[in-house]
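Engineer: This is the structure, below, for whatever I ask next.
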Amino acid sequence: MPAGGTPCSATWSPAALRRRSLQPRAARILEQAAPSGAVAQARAELAADFLADLRRLDAQLRDTRKKLAAAVKASGTTVTGVFGVGPVIAGTVIGDVRHVSRFPSRDHFAACNGTAPVEVSSGGRKIYRLSLRGNRRLNHAIHMAAITQIRYRHSDGRAYYEKKIAEGKTHKEALRSLKRRISDAIYAALLADARQEAAAAACPEGPGGQPGNHSVSRAAGSHPATPALRTSHSRARNHPTARSPRGRATPAAPTAKKTRTAT
C-alpha cells in the first residue's frame, strides 16, 4: 500500500502475488531435487535459469515502480487521491491524457477511455452495452481501480457497487457504472491539477510575495528590478544632470568640435 494510504491495484494484482508465492516454493524444490542423468540435470539447470530470470525481472519491476512513484509524487497530482489509484495507474492516466483541456467535459473523457456505454436501442427499448472503443490502456487502468474499490468493503466504491446490485443490476453492469464514476472522479482531479498549474503560472511569486523573489534571483546576487552594482562612469561624466558629491549640478565636459574651413 502506498504512503498515502490508497491501495495500489498493480501491487495487489493476482499475477504478481502468484508469481511471488511460487518463487520460494520453486527454490525449495530445486534445492531438494537430486537429478539423475544428463537429461534431468539439464532440466534442473534450465529451471534454475528461469527462476533467476523471474527474480531479476521482479527486481527491475520494483525499481521501476519506485521511480514511477517518485515521479508521480513530484508532479503534485491529486489523481492519487481517488481510492484505488496508485502511482502506476496515476502515471498511466497522466501519460495518456497529457492535457485535460483536450476534453471539454467529463462525457468526452469517458468516451475517450471507453467507460461511456454505447446505446444499442431497438424499437421502444433503450439498451446500452459496453463500449469497446477508446483508449484501452486508460480503460484497463480505470478497471483495475474499480476492482480495487470492490475488494475493500469500507470503500465508497464497494458501497456504490452493492447499491447497483441491489437495484437489480448484474455484476458487469454494476462494474461498468462504477468505472464511469471513477472516470468522472479522475477527470475532476485532472481539472483541479490544471487549474492549480495555471494559477501558479499566472502568479509566479516567490516566498516574499514579490515577482522574482526566489532562489534563482538570490543565487544571481541581486533582484531583477534593481540596477547593476557598477555604474558606467562614462555615462555619468557626460550626462548634463550628473550630480557632484555636494549635490550641485556639474556641467557636462566640453567636447571637441571640428571646425570647417571656408572655401
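Engineer: Counting only residues that are touching an Asp or Glu at 6+ places or on another chain (Cβ under 8 Å) and surrounded by 12 or more Cβ atoms within 10 Å (Cβ to Cβ), give me the helices (runs of 4 or more DSSP H) lying completely in region 65-184 with at least 1 of them. Break it down into steps so the answer makes sense when it comes.
Structural biologist: Details: elements: 87-97, 106-113, 136-151, 156-166.
By residue number, 106-113, 136-151, 156-166.
Engineer: In this structure, does Ala242 turn out to be surrounded by fewer than 12 Cβ atoms within 10 Å (Cβ to Cβ) and at pLDDT below 85?
Structural biologist: Against the criterion (surrounded by fewer than 12 Cβ atoms within 10 Å (Cβ to Cβ) and at pLDDT below 85), Ala242 does not qualify.
Engineer: When you scan region 80-92, how many residues do you find that are under 15 Å from Ala188 (Cα atoms) and either free of Cβ contacts under 8 Å to residues at least 40 places away in the same chain or touching a helix residue (DSSP H, G or I) at 6+ places or on another chain (Cβ under 6 Å) (or both)?
Structural biologist: Number satisfying all stated conditions: 5.
Engineer: Being at pLDDT below 95, farther than 30 Å from Arg98 by Cα and touching a Leu at 6+ places or on another chain (Cβ under 9 Å), is that true of even one residue in region 204-217?
Structural biologist: Checked region 204-217: no residue is at pLDDT below 95, farther than 30 Å from Arg98 by Cα and touching a Leu at 6+ places or on another chain (Cβ under 9 Å).
Engineer: Among residues belonging to region 104-146 that are touching a Leu at 6+ places or on another chain (Cβ under 8 Å) and at pLDDT below 90, point out the one that is nearest to Val85 (Cα to Cα).
Structural biologist: Result: Pro117.
Engineer: So how many residues does region 98-142 have that are more than 18 Å from the chain's Cα centre (by Cα) and without any contact (Cβ under 8 Å) to a residue 40 or more places away in the chain?
Structural biologist: Taking region 98-142 first, the residues more than 18 Å from the chain's Cα centre (by Cα) are 104-108, 110-112, 114-134, 136.
Filter once more, keeping what is without any contact (Cβ under 8 Å) to a residue 40 or more places away in the chain: 104-105, 107-108, 111-112, 114, 118-129, 131-134, 136.
The number of residues fulfilling the criteria is 24.
Engineer: Within region 84-105, how many residues turn out to be on the phi > 0 side of the Ramachandran plot and not basic (Lys, Arg)?
Structural biologist: 1
Engineer: Within region 41-64, which residues are farther than 19 Å from Arg25 by Cα and either of a type in the set (D, E, K, R) or exposed (fewer than 11 other Cβ atoms within 10 Å of the Cβ) (or both)?
Structural biologist: Gln60, Arg62, Asp63
The values are calculated or read from the model by the stated rules, or taken from the named source; none is laboratory data. In this text, all values refer to a predicted model and were calculated from it rather than measured experimentally. We place every Cβ from the backbone using ideal geometry, glycine too, and count neighbours over all the protein chains shown.
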